[in-house]
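*Asks:* This is the structure I have questions about; it appears just below.
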């Protein structure tokens, strides 16, 4: 069976490249600002946020990996760094000897609370301030459609 490649037409190619460039530039800018202002990469900030929003500020490592969009090995490395900083504590899971629980420490919560205003301002300045309200609505709807398509939800 021969499968014909459905090449992108010029408009689709332009859209694809614009999306890639914009999404990379936004994430690189936010990461650079978090590094400069809070001393952490965006990936660590995301882990701290996910833990701060969880009941008792803790999640199973496997759930945290999924929530933060990280592989288990990458998450384990990141959590080790966050443990060394005193921002996260890892404990054995009481219901599963193979599992571990990551808990946001009080120090980690204070660190996150200090980083959040600058990060939110960066998101606002670099994303929302550049768009009209109609474009923000379109971006949300497009993102929700893509997420549903890619995750099957």
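*Asks:* Just checking, how many residues over the stretch 64-95 are more than 18 Å from residue 40 (Cα to Cα) and over 17 Å from the mean Cα position of the chain (by Cα)?
*Replies:* The qualifying residues number 6.
*Asks:* Determine which member of the set 33, 28 is under 16 Å from the mean Cα position of the chain (by Cα), part of a helix (DSSP H, G or I) and free of Cβ contacts under 8 Å to residues at least 60 places away in the same chain. Walk me through how you get there before you give the answer.
*Replies:* Working: 33 fails: free of Cβ contacts under 8 Å to residues at least 60 places away in the same chain.
After applying the criteria, what remains is 28.
*Asks:* For the stretch 43-63, give me each residue that is surrounded by fewer than 21 Cβ atoms within 10 Å (Cβ to Cβ), touching a helix residue (DSSP H, G or I) at 6+ places or on another chain (Cβ under 8 Å) and over 17 Å from residue 113 (Cβ atoms).
*Replies:* 43, 58, 61, 62
Just so you know, all these numbers are worked out from the coordinates, no wet-lab data involved. What you see is a predicted model, and the numbers here were worked out from it, not measured in a lab. Glycine also receives a Cβ, built like all others from the backbone with ideal geometry; neighbour counts cover every protein chain displayed.
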